[in-house]
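Just below is one structure, and these are the notes that go with it.
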Amino acid sequence: MGIEQELEQEIKALEAQLMDREASLPAHSVRPQQILVIEELETAIEGKKKELEELRRKRESGSQVD
């Protein structure tokens, strides 16, 4: 499996975790730790997406990747 496919799978897994966390938030009395976990997942997703974009840009510009 290539690096791009691995990153895509990781992004999907992180997005699924994020959706689960958001769905489990109570309507009231959200604890700060719950928000921190969601923010960490969002940051991880953003980082993986940037990494994937960079790999694709390098590939399109003719650089060898994987």
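Tell me which residues, restricted to the range 6-31, are in a loop (DSSP other than H, G, I, E, B) and in contact with a helix residue (DSSP H, G or I) (Cβ under 9 Å, 6 or more places away or on another chain). If the condition is that a residue be in a loop (DSSP other than H, G, I, E, B) and in contact with a helix residue (DSSP H, G or I) (Cβ under 9 Å, 6 or more places away or on another chain), then SER24, LEU25, PRO26 are the ones that fit.
Here LYS50 clears all of (1) in a loop (DSSP other than H, G, I, E, B); (2) loosely packed, with under 12 Cβ neighbours inside 10 Å except the condition numbered (1).
Values in this text are rule-based calculations from the coordinates and carry no lab data. These numbers were taken from a predicted model, which means no experiment stands behind them. All Cβ positions, glycine included, derive from the backbone under ideal geometry; neighbour counts span all protein chains shown.
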